[in-house]
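Data first, discussion second: the structure below is written as C-alpha cells.
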Amino acid sequence: MDGTIVGLIDVECEEEPGTVCEDRPGLGGMIWHIAVLRDFRRQGIGSRLLAAAEEAARARGIERFEAWTRDDGWVQKWYESHGFEQIRSYLHVYMHGRSEITGLVSAELELKPVRIFAHYTGHRPDEIRARFERVHDCVCYERRF
C-alpha cells in the first residue's frame, strides 16, 4: 500500500505429486507463510494474496493448496472461511524436566535427555495433554481448486 509491503504469501509448488504436500491426488502447493502487518489486518489483504497465489498456481497446473497451522483458533477459522478443510492432525509435544522425561527414553549410550520434542499420532490425545505441560495441535488444511 502506497509503496509499502504490508503482506506476503509464500507458496512452494510441486512438480510431482507428493514431493512437497501430503501424498494425495493432484499437484499441490504448500502455503509456508501468509502474513499481514497488524495495522493492515481485517481489510481483505490476506484474501487477495490467497486469490493471487491460487491464480498463479493454477497457471502452473496446481490443483490444491495445503497449509499447516497450530492451535491458533483465529488462524484455523480464517482457513476454514476460505474453503480449506482439515485433512490431518497430530500433537506437538514438548517434554522438559525430570518429571516429564524420566522413563521415556532408554539411554544405551549414557545420553541424558534434557528436552524432547515429539509428534504424537496415536489415539489417546487427552492422555498426552494431561501428562505433558506443553502440547499443541498441529493441523493440516487443504483446499482444492
Sites removed, the longest contiguous part of the chain containing no DSSP-loop GluC sites (Glu not before Pro) with at most 15 other Cβ within 10 Å is 23-107
Scan of the chain for trypsin sites (Lys or Arg not before Pro) in DSSP loops with at most 15 other beta-carbon atoms within 10 Å gives a longest site-free stretch of 71-145
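Using the Cα atoms as the points, what is the convex hull volume per residue of the chain in Å³?
Spelled out: Cα convex hull of the chain, divided by residues, is 175 Å³.
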Quick note, region 25-82: a/c under 1.5 would make it rounded; otherwise a/b > b/c is prolate and the rest oblate (a ≥ b ≥ c, C-alpha gyration tensor); here it is oblate
Counting only backbone N atoms under 18 Å from a point 7 Å out along Cα-to-Cβ of Leu8, the residues of region 48-88 in range are 48-54, 68
Kirkwood calc, region 94-133, C-alpha pairs only, radius in angstrom 11.2
Note on the chain: contact order normalised by length, alpha-carbon pairs under 8 Å, 6 or more apart, percent, works out to 25
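Every number in this text was worked out from the coordinates using simple rules, so none of it is lab data. Since the structure is predicted, the reported quantities are computational estimates derived from the model, not experimental observations. Because the Cβ atoms are built from the backbone with ideal geometry, glycine has one as well, and the counts that use them run over all protein chains shown.
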